[in-house]
Amino acid sequence: MVHSPEVNLRLIPLHLSQDRIIIRQPDDWHLHLRDGDVLKTVVAPTSRVFRRAIVMPNLQPPITSVQSAIDYRQRIMHAVPDGDLFTPLMTAYLTDDLSEEVLREGFARGVFFAAKLYPANSTTNSAAGVTSLENIYTAVETMEEIGMPLLIHGEVADIEIDIFDREAVFIESHLQPLLKRFPSLRVVLEHITTAEAVEYVQNSSAKLAATITPHHLHINRNALFNGGLRSDFFCLPVAKREHHRMALRRAATSGEPCFFLGTDSAPHLREFKESSCGCAGIFNAPNAIESYAQVFEEEEALDRLEDFSSVFGPNFYGLPVNKEIISLVKKPHVVSLRFELKKAETSFEYLAPFHAGETLNWSFDPNFS
Ligand code: DOR
Ligand code: ZN
């Protein structure tokens with residue numbers, strides 16, 4: 001793999017008019033596909049739009065061996081509908097004692113694209129995550145040496161720390177020292193949610209980038225409590241105050257190459273969302289590109305959608321941009337309330353997509369090529 005941030009020149013969108021957008025095919029640089037019946041259902045909405053996706057390893061048990069990543073990749077490929085071209089990029093789940101040999105081997109064989117750091121107990125299926133960064137120094141040193149990117153869930157898991165401050169505290173007390181210790185390490189701070197994160201990434205070296213989700217561009221923390229407790233809007237990091245959302249919108253539409261698309265689409269069955277201890281995660285895959293397009297339109301930055309969706313990510317990772325193109329048409333559509341599982345056995349076995357019941361202005365055009 002070539003790791004050069006300058007592989008692709010900045011591109012002018014292929015076509016932009018009042019009623020049609022044509023862009024190079026985007027990639028999703030942060031995605032949860034799960035396993036089993038959910039996997040079989042959720043690959044299609046991603047693979048019909050996105051050419052590649054970085055697949056998160058927080059399964060139960062997590063992906064901690066080269067073989068488990070190979071097997072998982074195969075299960076994903078089996079779930080890709082005929083006719084879709086889709087490449088899953090696999091990740092290793094860092095634990096306190098994942099050996100550097102596993103990382104070396106998986107990276108050298110082209111199985112692991114990157115490794116993911118979950119601070120232990122910071123989010124869904126993170127119990128086996130890292131309890132102290134010191135425990136992974138040797139692994140991270142190896143990653144720096146071989147050019148393997150480190151993807152970070154950037155929140156402290158300390159329950160003494162206010163949940164709305166956990167990202168900013170992580171940046172100051174953990175990310176900053178880590179980057180100082182490993183200056184050549186390529187790092188992505190995933191799903192940023194705060195003005196502090198935006199500023200930190202902007203002022204760091206080109207070795208640090210951040211992904212931004214559609215939901216953090218659309219909702220602030222009020223959405224969680226609008227007329228009642230709305231678990232569909234619960235994700236981690238949790239949405240913050242309005243001024244943070246505004247900072248994220250400015251960052252995403254700024255044209256700065258350090259910010260790019262990563263949906264963090266994270267499906268949880270209805271029964272696990274509607275619960276006294278509901279899971280964190282928003283399933284946005286069915287309307288992700290339309291959701292981003294709406295934001296870019298509202299910010300009068302549609303001419304920058306392609307860079308954010310299809311260019312800055314490949315540039316950061318040293319990959320070519322996609323040759324394929326996709327198109328969106330200005331055709332408002334109401335997002336359905338339910339996304340049915342292929343093999344649902346109970347009435348609770350469905351997923352509620354982000355924007356359920358809302359109208360989005362742009363629609364993906366499946367017949368365009
Ligand atoms: O909201 C989230 N859901 N945030 C994460 O970090 C994990 C994800 C999941 O796996 O459900
Ligand atoms: Zn995630």
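A short reminder: the numbers here are calculations on the coordinates, not readings from a lab. Just so you know, these numbers come straight off a predicted model, no measurement behind them. FYI the Cβ positions are ideal-geometry reconstructions off the backbone, even for glycines, and counts take in every protein chain you see.
The table below gives the values:
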| quantity | calculated |
| --- | --- |
| Computed helical MRE - 222 nm, the chain, DSSP H runs ≥ 4 contributing -39500 (n - 2.57), nearest 500 | -7500 deg cm²/dmol |
| J(HN,Hα) series, the stretch 48-54, from Karplus relation 6.51 cos²θ - 1.76 cosθ + 1.60, nearest Hz, glycine and proline x | 6, 10, 9, 8, 9, 8, 7 |
| Separation in nanometres of the label points that stand 7 Å from Cα toward Cβ, at Asp71 and Asn203 | 4.7 |
| Thr131 versus Glu160: modelled label distance in nm, points set 7 Å from Cα along the beta carbon direction | 1.7 |
| Chain lengthening between Phe225 and Ala108 when straightened (0.36 nm per residue, less Cα-Cα) | 37.4 nm |
| Ranked by how many other beta carbons lie within 10 Å on average, peptides 312-321, 258-267 from highest | 258-267, 312-321 |
| Per-pair calculated FRET efficiency, R0 = 41 Å: Arg181 and Glu340 via Cβ, rounded to 0.05 | 0.30 |
| Relative contact order (%) - criterion: Cα under 8 Å, at least six apart; region: the stretch 15-364 | 19 |
| ³J(HN,Hα) computed for each position of the stretch 83-94 - Karplus, 6.51 cos²θ - 1.76 cosθ + 1.60, integer Hz, glycine/proline x | x, 7, 9, 8, 10, x, 9, 8, 10, 9, 9, 6 |
| Peptide ranges 202-213, 268-279 listed from the most packed, as the mean C-beta count within 10 angstrom indicates | 202-213, 268-279 |
| The chain - charge dipole about Cα centre, Lys and Arg +1 at Cβ, Asp and Glu -1, debye rounded to 20 | 740 |
| Spatial separation of Cα centroids for the stretch 26-42 and the stretch 206-256, in angstrom | 21 |
| Selected from Asn315, Ala293, Ser275, residue furthest toward positive end of dipole (the stretch 243-324; charges at beta carbon) | Ser275 |
| Gain upon complete extension [Ser17, Lys331; 0.36 nm per residue less C-alpha separation] | 111.7 nm |
| Order of Lys40, Lys331, Lys343 - criterion: other Cβ atoms within 10 Å of each residue's Cβ, fewest first | Lys343, Lys331, Lys40 |
| Protection proxy ranking, peptides 119-127, 22-30, average beta carbon neighbours within 10 Å, highest first | 22-30, 119-127 |
| Among beta bridges that DSSP assigns inside the chain, antiparallel share in %, nearest 5 | 35 |
